[in-house]
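J.: Structure in structure tokens, see below.
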Protein chains: 2
Amino acid sequence: MQSPSLHIRRVGIDTWRENVVYLHRDCPVVRAEGFQALSKVTVHANGQTIAAVLNVVTDAQIVPPCDLGLSEEAFARLQVEEGHAARIEHAEPPPSLAALRRKIAGERLGREELHAVMADIAAARYSKIELAAFVVATQQYELDRGEVLHLTEAMIAAGRRIDWRSEFGAGPVVDKHCIGGIPGNRTSMLVVPIVTAHGMWCPKTSSRAITSPAGTADTMELLAEVELPLERLQAIVRQTHGCLAWGGTADLSPADDILIAVERPLAIDSPGQMVASILSKKIAAGSTHLVLDIPVGPSAKVHSLPEAQRLRRLFEYVATRLGLQLEVMVSDGSQPIGRGIGPALEARDVMQVLRNDPSAPQDLRQKALWLAARMIEFDPDVRGGDGYRIARDILDSGRALTQMQAIIQAQGERAGPLPVAPLQLDITAPRTGVVTAADNLRLARIARLAGAPQVPEAGIDLAVRLGDAVQAGQVLYRLHARFEADLAFARQLAEADSGFSITPQA
Amino acid sequence: MQSPSLHIRRVGIDTWRENVVYLHRDCPVVRAEGFQALSKVTVHANGQTIAAVLNVVTDAQIVPPCDLGLSEEAFARLQVEEGHAARIEHAEPPPSLAALRRKIAGERLGREELHAVMADIAAARYSKIELAAFVVATQQYELDRGEVLHLTEAMIAAGRRIDWRSEFGAGPVVDKHCIGGIPGNRTSMLVVPIVTAHGMWCPKTSSRAITSPAGTADTMELLAEVELPLERLQAIVRQTHGCLAWGGTADLSPADDILIAVERPLAIDSPGQMVASILSKKIAAGSTHLVLDIPVGPSAKVHSLPEAQRLRRLFEYVATRLGLQLEVMVSDGSQPIGRGIGPALEARDVMQVLRNDPSAPQDLRQKALWLAARMIEFDPDVRGGDGYRIARDILDSGRALTQMQAIIQAQGERAGPLPVAPLQLDITAPRTGVVTAADNLRLARIARLAGAPQVPEAGIDLAVRLGDAVQAGQVLYRLHARFEADLAFARQLAEADSGFSITPQA
């Protein structure tokens, strides 16, 4: 009853996160086992097993009838050489499918069930259909707080967990996180040098931009290497107390990465999933203390203070039960932070603040100081209320800049000045009045059309803030781009609606 | 700003219902436009356009850098020859995505929105993730009856609609449908000859088994051709008034087919989706009058009479507003109908009934007569209450058999006797008592493990019915199989639990 063995062949097709196997339609196994296109299968070779989806090949040049073709992703995952014997069989349905169906039917899932679902997702046993079903069935108010707790715990359990304390002793391992949505909000690159200069451990890993014009990893990458294996990261943190690295290589909460890839195209960002996603990543990354920034504003993710309070309570409920010390900071999300939107422009802002440049954006400086203050007060030797003064002293004295340079050196400096866009174009106020509203989403979209983050020097450089009085024709911001087509797209959108509302004053 | 043109190349990979395009990673278009694996793209060639998903190829043997590879499905859909110039661009998100997101957020969709969603689904513009999100967001009680009406209407509008009346005049075009779940329930093959012998139009199209051990198309296929192009179907119906064909080729309610492919692995079968699916298919197929069978029982799809009544009212609400005359028949779904479960065994039962064989299963005969009676009463010339007598006369007189033979001849007879399984094994009662319950789901699963429907002679031949007194060791049913492995699997399941409950009598 076992299917005969086939020989592994690497097929040069990149299917991203989906394992695909290619079998010729005349392969005896296809005929005997009744495999069809899109059948879910399990591949066994040399003690390794992967789940995959089948594509049936009609061209023996791609895969001959007795070979088992593997897409690049599947080949990398199976970790077995070409030509090796492999066996393929119909995949058993993922063990947690009954739990998924119960959730779809609106029932409450228990701890064991959520652990089973996350284990199956992390092992790539869910199809995209099943992933999307889970995401939709658990969105909005479909998860109660007990379920969110167990989901978070299950996401952590399904991946790797870093234990810094075994290395650093009992001191707090601090982190900060913003729930996102505010362009230019690049505070991590200020907070990490400040708190590590104070002597705290802050091994910060960040993401790249997914839907935004810049992520901390994209921005930091202009100054230093950010793709660092865990062993290097540990050495860097031992030396400098902190880092500003990309978190994508560490296999922390992998089920979360897989779910995010499904949530994104659906534009689903519900409270329970957000809490589980953020807290699972932070706890898996070894943080013991976290300052969480929830910006509130008409075009932020959270639109009202009551909504922010509800979200805060959910974060606190889960964090407390998982042993994470959490401080929530509700901040003003009514406009971008700093002047630049896009990796190079944001890196410029950050360096201006660190250098105490008089032209540095003060809103970015202030926000970073408040966040650093709360993190410094996690230090048991600091008196409540002293955090802000300590943070400001570190920044004003130049110690934060020195510390940033040490971190850059440790990670591997990227030499040379920040790139500057060859194409620049001003967007001006259509009328005289006062800037009464800023649309974060539209500004982010314009910056992306200009090329950010793929083109690091592209983006928007803001010249106005809420409350500013402007004359008709005065510059609101400058578009930066590398390519004519990008500039034309961004200009078209900006000229239709700049993202700023100008109200004439009586 | 238009990407340069590429040359179409057919890639021999069958990706089933998903259009995949293959571009080499060194293709200038990939670099210039920032395409990534799994990007959604639009392909334009010779005035045709298709939506597709991108796989990036690293092997120039599969696709050279200036070619645009198309999977078999994509190549068939685009209908443009190899070597033809084509252009590719980032896909615009499907226009109805905003409506999908509103539905995910729990809001009510209007008529225009549901039409837009179905049009996008039928044009293959939804990803699997978006399809699954729609299915989960519209399941259970998430669609009100107005939405179900508009969904049904939108499914019809998104496909082809057959108009028999322009050919046959104003007489009713009758059909019957069972919501499914009862093994052996092969009444269509009796009802069609009876009502067409009465002179009514009944161009019946049926599905193949998806999760059941046999569909009407699988069973009829043992007697006649069932894969008939629409023109042949029309000629056959003109000649015999009816047909028993496979409905898969006609492009009727294609959005429904696409959604079913997503609902199936999730085991979602919610009232709103069921009503829209069934009624859209029937109306698109040109039916004007429909008898709908809702079996009720502990292991049927519908478990209680109140549930059946709720479902009936939803069917009636939608049918009335779309101009379909509907008669709902709530039937006994507590056990299989007839003796055979599996294509050949069910075909045998049907032919026994048509031949008035004394050993014919009486429950199958009775159920078919009741259904035919209701359909015959759609005839304006038949008095209410006369349908049953007319149907019985047609069957008893042999006119139904003659009519079935005419339909078989017209579709193309499959010569030779029905296949008989070479391997047979009895499953016996473990104790003495009375048969008090039958598990339709388990019996269907055992029949499928025995090989049905892929092996047409495989399945189960029942020897008992509810209420029968049995002795320990008496035969409950006989397993039929072609392959030893299938028989062993089915036997293992049947011996663990036969699907029949035997209660000892005091």
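J.: Restricting to the stretch B:320-338, what's the tally of residues that are free of Cβ contacts under 8 Å to residues at least 12 places away in the same chain and touching a helix residue (DSSP H, G or I) at 6+ places or on another chain (Cβ under 8 Å)? Let's see the steps before the verdict.
T.: Applying the first criterion (free of Cβ contacts under 8 Å to residues at least 12 places away in the same chain) to the stretch B:320-338 yields B:320.
With the extra rule that they be touching a helix residue (DSSP H, G or I) at 6+ places or on another chain (Cβ under 8 Å), the set shrinks to none.
Count: 0.
J.: Take the residues in the stretch B:186-209 that are in contact with a Lys or Arg (Cβ under 6 Å, 6 or more places away or on another chain) and not polar (S, T, N, Q), then tell me which one is surrounded by the most Cβ atoms within 10 Å (Cβ to Cβ).
T.: Filtering the stretch B:186-209 for residues that are in contact with a Lys or Arg (Cβ under 6 Å, 6 or more places away or on another chain) and not polar (S, T, N, Q), the one surrounded by the most Cβ atoms within 10 Å (Cβ to Cβ) comes out as B:192.
J.: Within the stretch A:49-96, take every residue that is assigned to a helix (DSSP H, G or I) and within 14 Å of chain B (Cβ to nearest Cβ) and give me the one that is nearest to residue A:17 (Cα to Cα).
T.: We begin by selecting, within the stretch A:49-96, every residue assigned to a helix (DSSP H, G or I); these are A:72-78.
Now restrict to residues that are within 14 Å of chain B (Cβ to nearest Cβ): A:72-76.
Numbers: A:72: 10, A:73: 7, A:74: 9, A:75: 12, A:76: 11 Å.
The selected residue is A:73.
J.: Continuing with the same structure: Only one of B:410, B:450 is buried (at least 18 other Cβ atoms within 10 Å of the Cβ), touching a residue at least 24 places away in the same chain (Cβ under 8 Å), in contact with a helix residue (DSSP H, G or I) (Cβ under 7 Å, 6 or more places away or on another chain) and under 21 Å from residue B:488 (Cβ atoms); which?
T.: Details: B:410 fails: under 21 Å from residue B:488 (Cβ atoms).
None of the other options fit; the residue is B:450.
J.: OK, next. Any idea which of (1) in a helix (DSSP H, G or I); (2) within 14 Å of chain B (Cβ to nearest Cβ); (3) under 28 Å from the mean Cα position of the chain (by Cα) is the one residue A:116 doesn't satisfy?
T.: (2)
J.: A further question on this structure: Can we say residue B:102 is within 13 Å of chain A (Cβ to nearest Cβ), at pLDDT 90 or above, surrounded by fewer than 23 Cβ atoms within 10 Å (Cβ to Cβ) and assigned to a strand (DSSP E or B)? Steps first, please.
T.: Working: within 13 Å of chain A (Cβ to nearest Cβ): yes; at pLDDT 90 or above: yes; surrounded by fewer than 23 Cβ atoms within 10 Å (Cβ to Cβ): yes; assigned to a strand (DSSP E or B): no.
So residue B:102 fails the test.
J.: Within 21 Å of residue A:343 (Cα to Cα) and either part of a helix (DSSP H, G or I) or within 14 Å of another protein chain (Cβ to nearest Cβ) (or both): is that true of residue A:479 in this structure? Write out each step before concluding.
T.: On the way: within 21 Å of residue A:343 (Cα to Cα): yes; either part of a helix (DSSP H, G or I) or within 14 Å of another protein chain (Cβ to nearest Cβ) (or both): no.
Here the answer is no, as residue A:479 does not meet what is asked.
J.: Pick out the one residue from A:291, A:296, A:262 that is out of contact with any Gly (no Cβ under 7 Å at 6 or more places or on another chain), at pLDDT 95 or above and aliphatic (A, V, I, L, M). Before the answer, list the steps.
T.: Working: A:296 fails: out of contact with any Gly (no Cβ under 7 Å at 6 or more places or on another chain); A:262 fails: at pLDDT 95 or above.
A:291 is the lone residue from the list that is out of contact with any Gly (no Cβ under 7 Å at 6 or more places or on another chain), at pLDDT 95 or above and aliphatic (A, V, I, L, M).
J.: Further, regarding this structure: Which members of the stretch A:480-491 meet the condition of being touching a residue at least 40 places away in the same chain (Cβ under 8 Å) and out of contact with any helix residue (DSSP H, G or I) (no Cβ under 8 Å at 6 or more places or on another chain)?
T.: Within the stretch A:480-491, A:482, A:483, A:484, A:487, A:491 meet the criteria.
J.: Scan the stretch A:91-111 and report the pairs whose first residue is farther than 15 Å from residue A:130 by Cα and in contact (Cβ under 8 Å) with a residue 60 or more places away in the chain and whose second residue is crowded, with 19+ Cβ neighbours inside 10 Å and of a type in the set (Phe, Trp, Tyr), with Cβ atoms within less than 9 Å and a gap of 6+ or a chain change.
T.: none
J.: If you check residue A:490 against the conditions, is it part of a helix (DSSP H, G or I) and crowded, with 22+ Cβ neighbours inside 10 Å? Steps first, please.
T.: Values: part of a helix (DSSP H, G or I): yes; crowded, with 22+ Cβ neighbours inside 10 Å: yes.
Judged against the criteria, residue A:490 is a match.
J.: Take residue B:133 and decide whether it is within 14 Å of another protein chain (Cβ to nearest Cβ), buried (at least 24 other Cβ atoms within 10 Å of the Cβ) and more than 21 Å from the chain's Cα centre (by Cα).
T.: Details: within 14 Å of another protein chain (Cβ to nearest Cβ): yes; buried (at least 24 other Cβ atoms within 10 Å of the Cβ): yes; more than 21 Å from the chain's Cα centre (by Cα): yes.
The answer is yes for residue B:133.
J.: Moving on. Specify the residue that is modelled with the highest pLDDT; the eligible residues are those in the stretch A:12-34 that are within 11 Å of another protein chain (Cβ to nearest Cβ) and assigned to a loop (DSSP other than H, G, I, E, B). Give the derivation first.
T.: Of the residues in the stretch A:12-34, the ones within 11 Å of another protein chain (Cβ to nearest Cβ) are A:12-18, A:20, A:22-25, A:30, A:32-34.
Restricting the remaining residues to those that are assigned to a loop (DSSP other than H, G, I, E, B) gives A:12, A:15-18, A:25, A:34.
On the way: A:12: 91, A:15: 78, A:16: 71, A:17: 71, A:18: 77, A:25: 85, A:34: 61.
Residue satisfying both the conditions and the ranking: A:12.
J.: When only residues in the stretch B:247-305 that are free of Cβ contacts under 8 Å to residues at least 12 places away in the same chain and not charged (D, E, K, R) count, which is farthest from residue B:137 (Cα to Cα)? Working first, answer last.
T.: First, the residues of the stretch B:247-305 that are free of Cβ contacts under 8 Å to residues at least 12 places away in the same chain: B:257, B:265, B:267, B:303-304.
Restricting the remaining residues to those that are not charged (D, E, K, R) gives B:265, B:267, B:303-304.
Details: B:265: 16, B:267: 14, B:303: 24, B:304: 25 Å.
This residue is B:304.
J.: A further question on this structure: Filter the stretch A:385-397 down to the residues that are surrounded by 13 or more Cβ atoms within 10 Å (Cβ to Cβ) and either of a type in the set (A, V, I, L, M) or within 10 Å of residue A:355 (Cα to Cα) (or both) and list them by number.
T.: Of everything in the stretch A:385-397, those that are surrounded by 13 or more Cβ atoms within 10 Å (Cβ to Cβ) and either of a type in the set (A, V, I, L, M) or within 10 Å of residue A:355 (Cα to Cα) (or both) turn out to be A:390, A:391, A:394, A:395.
J.: Inside the stretch A:119-130, can you point out the residues that are away from chain B (no Cβ under 14 Å) and part of a loop (DSSP other than H, G, I, E, B)?
T.: A:123, A:124
J.: Could you grab me the full set of residues in the stretch B:163-194 that are modelled with pLDDT of 90 or more and in a loop (DSSP other than H, G, I, E, B)? Lay out the reasoning, then the answer.
T.: Start the filter on the stretch B:163-194 by keeping residues that are modelled with pLDDT of 90 or more, which leaves B:172-179, B:182-194.
The answer is B:172, B:179, B:182, B:183, B:184, B:185, B:186, B:187.
J.: Scan A:449, A:423 and give me the residue that is modelled with pLDDT under 95, more than 16 Å from residue A:347 (Cβ to Cβ) and out of contact with any Ser or Thr (no Cβ under 8 Å at 6 or more places or on another chain). Before the answer, list the steps.
T.: Details: A:423 fails: modelled with pLDDT under 95.
None of the other options fit; the residue is A:449.
J.: Which of the residues that make up the stretch A:188-214 are in contact with a strand residue (DSSP E or B) (Cβ under 7 Å, 6 or more places away or on another chain) and of a type in the set (Ser, Thr, Tyr)?
T.: A:188, A:196, A:205, A:206
J.: Which of (1) part of a helix (DSSP H, G or I); (2) crowded, with 18+ Cβ neighbours inside 10 Å does residue A:109 not meet, given it meets every other one?
T.: Failed condition: (1).
The values are calculated or read from the model by the stated rules, or taken from the named source; none is laboratory data. None of the values given here were measured: they were computed from a predicted structure. Positions of Cβ are backbone-derived with ideal geometry, glycine not excepted, and every protein chain shown enters the neighbour counts.
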